[in-house]
Amino acid sequence: GRKKDLVGKRVVVTAGPTVEQIDSVRFISNPSTGKMGFAIAEAAVERGADVTLVTGPVALTDARGAKMVRVSTAREMKAAVDESFPSADIAVFSAAVSDFRPRTAFDRKLKKGVDDEALSRIELVENPDILASCGASKRAGQVVVGFAAETNDVIDNALSKLSRKKADFIVANDVSRGQGFGADSDEVTFVSASGEQHLPELGKRELADRILDKALEFLKLGLET
Ligand code: C5P
């Protein structure tokens, strides 16, 4: 294990999918398992940090030693993050947030033959971008880390996310070959204003530590200036 180099630091992590109800029995979501975010939270706890893990619905048991906040929707996730981000030193946004949600969540089951109009035209509205809003309100001494799962132009897309969302670095992941969702290992590239750093394929726990190493580098840089 690594040394306790995060003692006294507050770390907030988002993980998992969000779930956006269409009606009482249907929803929009994605296959995120939360493994990456849970691994980051557990690694941060082991390194001595005070950790809050905000997660969408996943099958994983609580990250030992972390403050767990279990949510469903993007708006609930944002509300939870808004509570812990202001006092955080490091924030890692690994959740796969639904970009859109149905405008109306019907509190009964929509029925074929009765509600065909509503079923065939589910109107979607944009969800808040949690990472972008934290990036925009980031103060000196805070480090913000985003993820980018891309199927093409991986680095270019990560660079545009870096500036659009004001993250310190982006963990870019080429998911064109099925890598990413649900896997136990990953091969990623760290993309920051100072360049790209390609990592070999690593187990998610080792990758979690590499991400925290990189965040800590940024934290120290920020404290020097
Ligand atoms: O734009 P895209 O969804 O690909 O950006 C991915 C990054 O932004 C991830 O770090 C993800 O957790 C974060 N994100 C977010 N809130 C959203 C959408 C994405 O925090 N509504």
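The values are calculated or read from the model by the stated rules, or taken from the named source; none is laboratory data. None of these values were measured; they are calculated from a predicted model. We place every Cβ from the backbone using ideal geometry, glycine too, and count neighbours over all the protein chains shown. Protein only, heavy atoms only, side chains kept; ligands, DNA and RNA dropped before computing areas. Shrake-Rupley method; radii C 1.70, N 1.55, O 1.52, S 1.80 Å.
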Item checked: Distance between segment 149-225 and segment 1-78 - C-alpha centres, whole angstrom -> 18 Å
Margin query: Using only Cα atoms and rounding to the nearest 10 degrees, what angle (0 to 90) does helix 154-164 make with the longest principal axis of the chain?
Written below: 90 degrees
Checklist line | Cut-off 19 Å (backbone N to label point 7 Å along Cα→Cβ of Leu223), residues of segment 134-167 | finding: 139-145
Notebook entry, point to check: In degrees, nearest 10, range 0 to 90: what is the angle between the Cα axis of helix 74-84 and the longest Cα principal axis of the chain?
Noted result: 30 degrees
Checklist line | Separation of alpha-carbon centers, segment 129-145 and segment 80-94, rounded to whole Å | finding: 8 Å
Item checked: Approximate spin-label separation Leu119-Asp82, in nm, with each point projected 7 Å along Cα-to-Cβ -> 3.6 nm
Note to self: Contact order normalised by length for the chain, with contacts defined as Cα pairs under 8 Å and 6 or more residues apart; what percent is it?
What the structure shows: 19 percent
Next item on the list: Please report, as a whole percent, how much of the solvent-accessible surface of segment 1-127 comes from carbon and sulfur atoms (probe radius 1.4 Å).
Entry: 49 percent
Margin query: What is the sum of charges, Lys and Arg at +1 and Asp and Glu at -1, for the other residues whose Cβ falls under 10 Å from the Cβ of Val12?
Written below: -1
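Dipole of the chain, Cα-centred, from +1 at each Lys and Arg C-beta and -1 at each Asp and Glu C-beta, to the nearest 20 debye? Kindly include the intermediate steps, with their values, before the conclusion.
Values: 32 positive and 34 negative charges, 119 e Å.
That gives the chain a dipole magnitude of about 580 debye.
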Next item on the list: Keeping all protein chains in place, calculate the accessible area per residue for the chain (probe 1.4 angstrom), answer in Å².
Entry: 50 Å²
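Ranked highest first by the average count of other Cβ atoms within 10 Å around their residues, in what order do 64-76, 38-50 fall? Walk me through the numbers on the way to the answer.
Values: 64-76: 16.9, 38-50: 24.0.
Descending mean neighbour count gives 38-50, 64-76.
Please report the projected area of the chain's Cα convex hull averaged over all directions, in nm². It would help to have the intermediate numbers written out before the result.
Numbers: hull surface 52.0 nm².
Orientation-averaged projected area of the Cα hull: 13.0 nm².
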Check: Can you work out ³J(HN,Hα) from phi for every residue in segment 52-64, in order, using Karplus 6.51 cos²θ - 1.76 cosθ + 1.60 and θ = phi - 60°, giving whole Hz and x for Gly and Pro?
Finding: 10, 10, 9, 10, x, x, 9, 8, 7, 7, 3, 5, 4
Checklist line | Relative packing of peptides 148-157, 166-175 - highest average C-beta neighbours within 10 Å first | finding: 166-175, 148-157
